[in-house]
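First up is the structure itself, then whatever we jot down about it.
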Amino acid sequence: AKKTGPRFYRLFEPPMNADLIRFVETREALRVALERNEFELHYQPQIDLSTRRVIGVEALIRWRRPGVGLVMPGDFIEVAEESGLILPIGRWALYEACQQGAVWGQRGWSNLSIGVNLSAVQFREGQLGEDVLKALDASGLHPARLDLELTESTLLCHQETISSTLTSWKALGIRLSIDDFGTGYASLAYLKRFKADTIKIDRSFVQHLLTDQEDRAIVKAIIQVAQSLNVCTIAEGVESFELAEQLASMGCDQVQGFVYSKPLPPDAFEKWLLAAEV
Ligand code: C2E
Ligand code: CA
Ligand code: CA
Ligand code: CA
């Protein structure tokens, strides 16, 4: 017969679930962080495989948390989204990235595209279209240099409302990228419907490309579809030159990854750019 152990009863129920406490604490800390301007954008280069030149950057947010150090987005973006704080945080990131892009334009890197990550929550609010225009206006960044990154799930979530926003951005010459491509559920038809300029092939398919035949088949298929639709491809998470070569031979257009540089603060990125041009 099956033996059942003694039953233990909890002596008390915790007043709040530990996750909830953490959520509330992080939310309040984020609110303060926003007021005190504790967020930073770090920049990672994107390299064109045909010319081997830097053609763009992606802005990635970090939180310089006093007494803690540099907090990565994986540790706070979710709370920011669930609490709605991603609206002001995302707006800050958009303005900051456009501003930085304009500065780099003035310093001679006038072809560098500036990638900004957008959260699905930002589309829910309905003010994003206007924010983008204002950020361009305030910074003087040319619209064709702004590259807005959204995910397949964002496209799926907001099918009805997103179309007109994306269409108006496209009309201005703003570029659109589909981030983490292949991990969501959007059909390939979305590529055509939303007129994406670029798809970012997710790191999970890229990482083991040299050894994994299935990943190679998936990446090959993505590149082929993209090529036939005239959509540019960029592979994320490229950690070796060998991998970059493999991707080049498969017809991938661009690469981004630690082998070139990890995301860097603006000053360090500028130094990296200068060194890369030599
Ligand atoms: P993502 O948009 O897919 O960004 C790429 C992530 O991969 C970045 O992580 C980057 O540092 C990392 N990465 C780049 N190259 C390599 C590589 O060669 N190997 C490996 N292992 N990783 C690489 P990070 O900066 O921690 O950002 C994580 C995610 O947080 C981003 O994923 C994006 O979804 C989100 N995020 C970052 N900044 C923002 C933002 O301003 N707004 C919003 N809404 N989300 C953001
Ligand atoms: Ca991204
Ligand atoms: Ca990405
Ligand atoms: Ca990604």
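For the peptides 19-31, 165-177, residues were scored by their other Cβ atoms within 10 Å and the scores averaged per peptide; the highest-first order is 165-177, 19-31. Annotation for segment 160-257: GluC sites (Glu not before Pro) lying in DSSP loop with at most 16 further Cβ atoms inside 10 Å of their Cβ are Glu239.
Do the alpha carbons of any pairs in Lys200/Lys262; Lys195/Lys220; Lys195/Lys271; Lys134/Lys195 sit beyond 27 Å of each other, and which pairs? Please list the in-between numbers first.
Numbers: Lys200/Lys262 17 Å; Lys195/Lys220 21 Å; Lys195/Lys271 34 Å; Lys134/Lys195 23 Å.
The pairs that break the limit, which is 27 Å between Cα atoms, are Lys195/Lys271.
Taking only the alpha carbons of the chain, we obtain Rg and Dmax values of 21.0, 79 Å in that order.
Calculated on the alpha-carbon coordinates, the convex hull of segment 144-202 measures out at 66 cubic angstrom per residue. Calculated mean residue ellipticity at 222 nm for the chain: -14000 deg cm²/dmol, from DSSP H runs with n ≥ 4 weighted as -39500 (n - 2.57), summed, divided by the residue count and rounded to 500. Size check on segment 113-171: the Cα extents along the three principal axes, sorted descending, read 31, 19, 18 Å.
In summary, segment 1-155 shows an alpha-carbon radius of gyration equal to 1.40 times the 2.2 N^0.38 Å reference for compact globular proteins.
For Gly115, nonlocal amide neighbours, meaning residues 5 or more places apart or on other chains whose placed amide H falls under 5 Å from its own, are Val57, Glu58, Ala59, Asp147.
What are the membrane-span-like helices in the chain by this rule: whole DSSP H runs, Cα extent along the axis at least 27 Å, mean Kyte-Doolittle hydropathy at least 0.0? Within the chain the helices that satisfy the rule are 86-106.
In whole angstrom, how far apart do the alpha carbon centroids of segment 196-267 and segment 85-134 sit? Segment 196-267 and segment 85-134 have Cα centres spaced 24 Å from each other.
The orientation-averaged projected area of the convex hull spanned by the Cα atoms of segment 93-216 comes to 8.4 nm².
Placing one equal scatterer on every Cα of segment 142-278 and applying the Debye formula, the log10 ratio I(q)/I(0) at q = 0.09 Å⁻¹ is -0.30.
Rule-based calculations on the coordinates, nothing more; no lab input. Model, not experiment: these values are computed from the prediction. Every residue, glycine among them, receives a Cβ derived from its backbone with ideal geometry; neighbour counts consider all protein chains shown.
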